[in-house]
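Chemist: Input: one structure, supplied below.
The values are calculated or read from the model by the stated rules, or taken from the named source; none is laboratory data. Only a predicted model underlies this, so the values are computations on that prediction, with no experimental measurement involved. Neighbour counts are summed over all protein chains in view; Cβ atoms, including those assigned to glycine, are modelled from backbone coordinates with ideal geometry.
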């Protein structure tokens, strides 16, 4: 459903696309559209990992940095960012893992143009429709390997986050 909505918004005659295309910016049916769709799908993973860390953050540390003369940027960079960095990395890794196998939301916005906007799940479907089971299995095995590596990275990041925050989260 998200893919249909994004296509309706970003296509040349869509709500947003009708203003972008006259400026020479085509979003639908090219890699830009795929990136937007994957951000739309992956953002909740980042938010869900960062939100609890921000809620548990000690406001006194930010106030102390301000009292000591730190600017807002310095307070963010030296106080807030180090505490949310593990959660951000975990969220981004989870979003990337989700994007590797995304099919539903991207199929409509991608266009599936060879060497332009092909996505891996559509390559697998195409190979299966051509009865190229070995090719489909090879592509799926590579995706499985990438997903496994990403899961290991996510597990390591979550372990690092727990150690950094003394067993919380």
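Chemist: Within the range 58-70, which residues are over 30 Å from the mean Cα position of the chain (by Cα), part of a loop (DSSP other than H, G, I, E, B) and either modelled with pLDDT of 90 or more or surrounded by fewer than 13 Cβ atoms within 10 Å (Cβ to Cβ) (or both)?
Modeler: Correct list: 68, 69.
Chemist: Among the residues of the range 17-39, are any part of a helix (DSSP H, G or I), within 23 Å of the chain's Cα centre (by Cα), over 25 Å from residue 96 (Cα atoms) and without any contact (Cβ under 8 Å) to a residue 40 or more places away in the chain?
Modeler: The first filter runs over the range 17-39 and keeps only residues part of a helix (DSSP H, G or I), leaving 17-23, 31-39.
Next, from what is left, pick out any that are within 23 Å of the chain's Cα centre (by Cα): 17, 31-39.
Adding the requirement that they be over 25 Å from residue 96 (Cα atoms) leaves 17.
Next, only the ones that are without any contact (Cβ under 8 Å) to a residue 40 or more places away in the chain stay: 17.
Yes, the range 17-39 has at least one match.
Chemist: In the range 1-16, which residues are without any contact (Cβ under 8 Å) to a residue 60 or more places away in the chain and buried (at least 18 other Cβ atoms within 10 Å of the Cβ)?
Modeler: 11, 14
Chemist: Separate question: Could you figure out which of (1) without any contact (Cβ under 8 Å) to a residue 24 or more places away in the chain; (2) part of a loop (DSSP other than H, G, I, E, B) isn't true of residue 55?
Modeler: (2)
Chemist: Looking at the range 130-142, can you tell me whether even one residue there is touching a helix residue (DSSP H, G or I) at 6+ places or on another chain (Cβ under 8 Å), over 25 Å from residue 31 (Cβ atoms) and either touching a residue at least 60 places away in the same chain (Cβ under 8 Å) or surrounded by 13 or more Cβ atoms within 10 Å (Cβ to Cβ) (or both)?
Modeler: No, there is no match, as no residue in the range 130-142 is touching a helix residue (DSSP H, G or I) at 6+ places or on another chain (Cβ under 8 Å), over 25 Å from residue 31 (Cβ atoms) and either touching a residue at least 60 places away in the same chain (Cβ under 8 Å) or surrounded by 13 or more Cβ atoms within 10 Å (Cβ to Cβ) (or both).
Chemist: While we're here: Taking residue 46 and the conditions (1) at pLDDT 85 or above; (2) surrounded by fewer than 19 Cβ atoms within 10 Å (Cβ to Cβ); (3) touching a helix residue (DSSP H, G or I) at 6+ places or on another chain (Cβ under 8 Å), which numbered condition does it fall short on, given that it satisfies the others?
Modeler: Just one mismatch for residue 46, condition (2).
Chemist: To continue, here is another question. So, residue 87, is that one part of a loop (DSSP other than H, G, I, E, B), surrounded by 13 or more Cβ atoms within 10 Å (Cβ to Cβ) and on the phi < 0 side of the Ramachandran plot or not?
Modeler: On the way: part of a loop (DSSP other than H, G, I, E, B): no; surrounded by 13 or more Cβ atoms within 10 Å (Cβ to Cβ): yes; on the phi < 0 side of the Ramachandran plot: yes.
Considered against the rule, which asks whether it is part of a loop (DSSP other than H, G, I, E, B), surrounded by 13 or more Cβ atoms within 10 Å (Cβ to Cβ) and on the phi < 0 side of the Ramachandran plot, residue 87 comes out as no.
Chemist: From the list 113, 94, exactly one residue is closer than 19 Å to residue 34 by Cβ and either surrounded by fewer than 12 Cβ atoms within 10 Å (Cβ to Cβ) or in contact with a strand residue (DSSP E or B) (Cβ under 6 Å, 6 or more places away or on another chain) (or both). Which is it? Can you show your working first?
Modeler: On the way: 94 fails: either surrounded by fewer than 12 Cβ atoms within 10 Å (Cβ to Cβ) or in contact with a strand residue (DSSP E or B) (Cβ under 6 Å, 6 or more places away or on another chain) (or both).
Result of the check over 113, 94: 113.
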